[in-house]
1. Give the residues of the stretch A:44-59 whose amide nitrogen is closer than 17 Å to a point set 7 Å from the Cα of A:Ala87 in the direction of its Cβ.
2. Taking 0.36 nm per residue of sequence separation and subtracting the Cα-Cα distance, how much length would be gained by fully extending the chain between B:Thr186 and B:Trp65, in nm to one decimal?
3. Along the stretch A:47-62, what does the Karplus equation 6.51 cos²θ - 1.76 cosθ + 1.60 (θ = phi - 60°) give for ³J(HN,Hα), rounded to whole Hz, x for Gly and Pro?
4. Compute the signed sum of charges (Lys and Arg +1, Asp and Glu -1) over the other residues within less than 9 Å, Cβ to Cβ, of B:Glu58.
5. For the stretch A:107-182, restrict the atom set to alpha-carbon positions and state the Rg and Dmax in Å.
6. Going by how many other Cβ atoms sit within 10 Å of their own, how do B:Tyr195, A:Tyr35, B:Tyr45 line up, fewest first?
7. So for the pair B:Ser156, B:Tyr195, with labels modelled 7 Å out along Cα→Cβ, what separation do we get in nm?
8. Going by average Cβ neighbours within 10 Å, how do the peptides B:104-116, A:70-82 rank, with the highest at the top?
Amino acid sequence: MTERQGPVTAAAVDAREFENAFIQTHMRRIFLLIYRIVGNVDDAQDLTQETFIKALQRRDQIKDAAKAAHWLSRVASNTAIDFLRRAGRASFTELDELSEPLTRSHESSPEAQVLRHERQRTLNRGLAGLTARERTALVLRDIEDLPAEDVAAHLGCSKATVRSHIANARVKFKRLIEGVRP
Amino acid sequence: MKSNRHPSQTALALHAAGDLGFWRSLQLRAHLAGCDRCRATVEEYRASRQFAGTEGAELPAGLNWDRLAAEMTANIKLGVEAGQIVARRPASRPSLSWRAAFAMAGVTAIVTAGWFLQRPTNQRWSHQAHARIESRGVVAQASRAGLELTETAGGSLTLVTPRAENVMLTVNTEGTVANRYVDQATGQVTIQQLYVEQ
């Protein structure tokens with residue numbers, strides 16, 4: 001009986017450790033990726049959780065740690081794009097509209113806080129003016145720094161199409177943040 | 001060779017991060033070498049890309065990440081566990097091994113054989129129009145019209161089954177006649193039995 005329980009318990013512990021490490025390693029990056037696409041913390045939180053649950057349920061596909069990050073980004077962007085398709089459009093929300101418990105009380109100096117807030121607002125304004133495809137392409141290429149080929153694979157379109165999305169996104173983004181960038 | 005026509009904004013935007021094809025990039029570089037305005041535009045695209053990259057990697061201002069991360073981690077674990085429970089459910093369905101199946105088949109055979117040997121042999125169901133039994137001057141008969149008890153001395157008693165269909169008559173050698181029928185109006189099944197004491 002003990003002999004049989006030993007390996008099972010060890011496997012369960014291993015699985016739990018793997019789960020913890022996997023979540024801790026990738027959560028911030030995946031949350032930010034989704035947040036930049038959907039534009040608000042509440043949806044980003046739900047979709048980040050959904051992404052990790054999907055990924056951990058198919059953990060046999062994530063044995064290779066090097067490919068895990070890439071694969072997870074793909075799951076995340078697809079989850080976010082699916083969400084936007086269902087929801088119709090992204091809903092960009094400023095954090096000061098959120099409930100108080102999410103805000104941090106021990107932020108740096110008030111000036112730094114204001115500057116940081118302004119920069120984030122400018123970024124959100126630039127991203128909000130893009131279509132979902134353009135925004136996703138820009139986030140993956142310019143924020144995640146993925147090669148255009150990988151962005152095309154994420155979005156399930158040709159490299160020429162993704163180049164067009166990236167170019168349009170950069171032109172619009174630059175126009176939208178011009179003059180308001182702190 | 002310098003071109004007098006300015007490249008499109010999309011070409012400049014792609015060139016800013018090296019996303020333009022080789023030949024197109026070569027042409028554009030030649031143009032940029034002699035065009036301050038386009039060079040400045042490319043720099044602006046690089047700056048806005050850098051801004052997106054830098055700010056995009058920052059958490060939203062004012063977000064309590066530790067708290068949010070803890071909440072998400074707990075929810076993820078809960079979700080994964082719930083998924084595992086759902087996935088395990090079909091596997092936990094008891095399966096019948098061939099040994100158990102063989103044992104069950106044996107028991108069924110014994111029960112069937114026992115029932116066959118113990119079945120009542122003195123009773124017959126019939127679709128015939130008439131069933132009759134006589135004992136010590138008393139005749140009990142069953143017909144589609146009903147049950148009738150007649151004494152050879154003259155008296156009789158009749159139990160009528162009006163508007164009946166699917167009438168089954170039974171004669172039992174132990175002195176019973178019975179009919180079973182379905183009432184046409186109500187669909188009710190009625191069984192009537194008449195005993196003759198010997």
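1. A:44-52, by backbone N distance to the label point.
2. Here the answer is 36.1 nm.
3. Once θ is set to phi - 60°, the couplings for the stretch A:47-62 become 6, 5, 4, 4, 4, 5, 5, 4, 5, 6, 6, 10, 5, 5, 8, 10 Hz.
4. Value of the local net charge: +1.
5. In Å, with Rg to one decimal and Dmax whole: 14.4, 46.
6. The order, fewest Cβ neighbours first, is B:Tyr195, B:Tyr45, A:Tyr35.
7. Between B:Ser156 and B:Tyr195, the simple spin-label model gives 2.5 nm.
8. Descending packing order for the listed peptides: A:70-82, B:104-116.
FYI, it's all coordinate maths here, none of it is from the lab. Computed from a predicted structure; not experimentally measured. Every residue, glycine among them, receives a Cβ derived from its backbone with ideal geometry; neighbour counts consider all protein chains shown.
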